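Asks: Dropping the structure in here first, questions after.
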Amino acid sequence: MVWACSGDVGSDTLPPVARLTIRIDLSGHGAIGPGKIRLLEFVGESGSISAAGRAMNMSYRRAWMLIDGLNRCFRTPAGAAPSSPSSDMI
């Protein structure tokens, strides 16, 4: 069996075999994985939950609920502290 590592000759032509992702389960409080982390990164970059949601092709309501869920898991807000979405956004 031949293993290709970055730097090996021709390794840039081999398809990726495996990908490692990390997910943290917060006993009874949900989980944090790559999707929620990326959402937080987009909020940090744009300063907007709405823009972050659009960047990830999700509704404002979905993005708001994910951020709100994250904020409820920690003593201090993990990202933007969302105010309650207006009824026309739901």
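The values are calculated or read from the model by the stated rules, or taken from the named source; none is laboratory data. Quick caveat: nothing in here was measured; it's all calculated off a predicted structure. Don't worry about glycine lacking a Cβ; one is built from the backbone with ideal geometry, like all the others, and counts go over all protein chains shown.
Asks: Within the range 30-41, how many residues turn out to be more than 16 Å from P77 (Cβ to Cβ) and either under 8 Å from the mean Cα position of the chain (by Cα) or surrounded by 16 or more Cβ atoms within 10 Å (Cβ to Cβ) (or both)? Break it down into steps so the answer makes sense when it comes.
Replies: Quick first cut of the range 30-41, residues more than 16 Å from P77 (Cβ to Cβ) only: 31, 33-35, 38.
Checking which are either under 8 Å from the mean Cα position of the chain (by Cα) or surrounded by 16 or more Cβ atoms within 10 Å (Cβ to Cβ) (or both) leaves us with 33-35, 38.
Result for the range 30-41: 4.
Asks: Look through the range 55-67, keep the residues that are of a type in the set (G, A, S) and either within 11 Å of the chain's Cα centre (by Cα) or part of a helix (DSSP H, G or I) (or both), and return whichever of them is nearest to D25 (Cα to Cα).
Replies: Of all residues in the range 55-67, those of a type in the set (G, A, S) come to 55, 59, 63.
Then drop every residue that is not either within 11 Å of the chain's Cα centre (by Cα) or part of a helix (DSSP H, G or I) (or both), which leaves 55, 63.
On the way: A55: 25, A63: 19 Å.
Here the answer is A63.
Asks: Tell me the residue from L39, L70 that is in a helix (DSSP H, G or I) and either touching a strand residue (DSSP E or B) at 6+ places or on another chain (Cβ under 9 Å) or of a type in the set (V, I, T) (or both), please.
Replies: Numbers: L39 fails: either touching a strand residue (DSSP E or B) at 6+ places or on another chain (Cβ under 9 Å) or of a type in the set (V, I, T) (or both).
Of the residues listed, the single one that is in a helix (DSSP H, G or I) and either touching a strand residue (DSSP E or B) at 6+ places or on another chain (Cβ under 9 Å) or of a type in the set (V, I, T) (or both) is L70.
Asks: If A52 satisfies all but one of (1) surrounded by 13 or more Cβ atoms within 10 Å (Cβ to Cβ); (2) assigned to a loop (DSSP other than H, G, I, E, B); (3) modelled with pLDDT of 95 or more, what's the number of the condition it fails?
Replies: (2)
Table: residues versus (1) out of contact with any helix residue (DSSP H, G or I) (no Cβ under 7 Å at 6 or more places or on another chain); (2) at pLDDT below 95.
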position	(1), (2)
G7	yes, yes
D12	yes, yes
P15	yes, yes
G30	no, yes
G44	yes, yes
G47	yes, yes
M56	no, no
N71	yes, yes
